[in-house]
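Here the structure comes first, spelled out in structure tokens, and everything after it is commentary.
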Amino acid sequence: MSEAILEVRDLSKHFPMGKSGWRNSQQTWLKAVDGVSFDLHRGQTLGLVGESGCGKSTCARTIVGLYPPTSGSIRFEGNDLGSLSARGWAPYRRKIQMIFQDPFASLDPRQTVGSILTEPMAIHKLGKPRERRLRSMQLLEAVGLNPRHLYRYPHEFSGGQRQRIGIARALALEPEVIICDEPVSALDVSIQAQVINLLGELQERFNLAYLFIAHDLAVVRHICQRVAVMYLGRVVEVADRDTLFANPSHPYTRSLLSAVPDVDPEVESVRQRIVLRGDVPSPLTPPSGCTFHPRCPEREQVPGDRCSVEVPLLQGSGSGDQQRTCHLDT
């Protein structure tokens, strides 16, 4: 395994939500991300999965600097990005880029494709106008689009083509890490496969590291080498792909995987789903201790009130480098 290019440690992002009560009111906070840790290695794809609202996108936007972190550290090639000023951040913005979920909302409808692709280069003062235009044509060709489409507008393209333009924009500054925020969830299934294959080809060609955010576990299993599972703002399990899908260690991961249908009708007919009780708690008032304990089907196996009192740490479990946050058998 190569060295970690991106190290995230105890990352938190809390949003102020105003004060509660009439007298002696206190500031309330929405804990969107609450102590997330993981490593991303060169040339690797790390999947970040979980239910909608668990904090995946907030985590991604905090890493790229769109949100300032509340606490924790984000280290890129050993440099702590959280301690940098806006000017100090500038060279690292070239190295960490992002592909957004919605290909319709992420492109400015008033700009041509050429303007969209050359704008990042102009901001970072890379090359002369003619060189930027030539680079833009090369980027379009790299993502499978016609270089002559440089002067068209986003509305003239399909959803899959727009996402290819978004991928080309992310490549414009020759980054080393690309954060893919559910890049195929808004596309038709037939187009999803094309975009996923394109991402794989570009990763191999440019030695890119991907943080791939998704809720479709089939896509994650296909493209990712390692997977981190999030629940209510926290990472509850991290493992390599094969280990996680074959032998999930955390109760939440087991319930998540049990909901994935199987293409084999015989296997599907005997598949046992783990149906969780209750609803996901509010990040405004997360449960004490393990945030999953109110819904955990295996809570009774842990003696006492440990699950509701003590916050479990991310530690080794099972074989290899599999880690989880759970009090079972600890």
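Inside region 111-137, can you point out the residues that are farther than 16 Å from Leu150 by Cβ and out of contact with any Lys or Arg (no Cβ under 8 Å at 6 or more places or on another chain)? Show your work before the answer.
Here is the first cut: in region 111-137, the residues farther than 16 Å from Leu150 by Cβ are 123-126, 128.
Matches in region 111-137: Ile123, Lys125, Lys128.
Looking only at residues in region 298-330 that are of a type in the set (D, E, K, R) and loosely packed, with under 11 Cβ neighbours inside 10 Å, which one is modelled with the lowest pLDDT?
At the first step, the residues of region 298-330 found to be of a type in the set (D, E, K, R) are 298-300, 305-306, 310, 321, 324, 329.
When the remaining residues are screened for being loosely packed, with under 11 Cβ neighbours inside 10 Å, the result is 300, 329.
Details: Glu300: 87, Asp329: 76.
That would be Asp329.
Which condition number does Gly88 fail, the rest of (1) touching a residue at least 12 places away in the same chain (Cβ under 8 Å); (2) on the phi < 0 side of the Ramachandran plot; (3) open to solvent by less than 40 Å² (accessible area, probe 1.4 Å) being met?
(1)
In this structure, is Gly78 out of contact with any strand residue (DSSP E or B) (no Cβ under 7 Å at 6 or more places or on another chain) and more than 30 Å from Glu131 (Cβ to Cβ)?
Values: out of contact with any strand residue (DSSP E or B) (no Cβ under 7 Å at 6 or more places or on another chain): yes; more than 30 Å from Glu131 (Cβ to Cβ): yes.
It is true that Gly78 is out of contact with any strand residue (DSSP E or B) (no Cβ under 7 Å at 6 or more places or on another chain) and more than 30 Å from Glu131 (Cβ to Cβ).
Restricting to region 103-124, name every residue that is at pLDDT 95 or above, of a type in the set (Gly, Ala, Ser) and either open to solvent by less than 30 Å² (accessible area, probe 1.4 Å) or in contact with a Gly (Cβ under 7 Å, 6 or more places away or on another chain) (or both).
Gly114
Between a first residue in region 251-265 that is within 22 Å of Gln323 (Cα to Cα) and polar (S, T, N, Q) and a second residue that is in a helix (DSSP H, G or I) and at pLDDT 90 or above, which pairs have beta carbons less than 9 Å apart while being 6 or more apart in sequence or on different chains?
Thr253/Leu244
So which residues in region 125-159 are assigned to a helix (DSSP H, G or I), free of Cβ contacts under 8 Å to residues at least 40 places away in the same chain and either open to solvent by less than 80 Å² (accessible area, probe 1.4 Å) or on the phi > 0 side of the Ramachandran plot (or both), if there are any at all? Steps first, please.
Pass one, region 125-159, residues assigned to a helix (DSSP H, G or I): 129-142, 147-151, 154-156, 159.
Add one more test, that the residue is free of Cβ contacts under 8 Å to residues at least 40 places away in the same chain, and what stays is 129-141, 147-151, 156.
Matches in region 125-159: Arg132, Arg135, Ser136, Met137, Leu139, Leu140, Pro147, His149, Leu150.
If I ask for residues that are more than 19 Å from Asp34 (Cα to Cα), surrounded by 16 or more Cβ atoms within 10 Å (Cβ to Cβ) and modelled with pLDDT under 90, which ones from region 274-297 would you list?
Result: Leu276, single match.
What are the residue pairs meeting all of these: first residue in region 222-235, first residue among the basic types (Lys, Arg), second residue open to solvent by 20 Å² or more (accessible area, probe 1.4 Å), Cβ atoms under 8 Å, and 6 or more apart or on different chains?
Arg226/Asp240; Arg226/Arg241; Arg234/Asp34; Arg234/Gly35
The values are calculated or read from the model by the stated rules, or taken from the named source; none is laboratory data. Being a predicted model, the structure only gives us computed values, none of them experimental. Here Cβ is always computed from backbone atoms with ideal geometry, including for glycine, and neighbour counts include all displayed protein chains. In case anyone asks, the SASA skips ligands and DNA or RNA and just uses the protein heavy atoms, side chains included. Shrake-Rupley method; radii C 1.70, N 1.55, O 1.52, S 1.80 Å.
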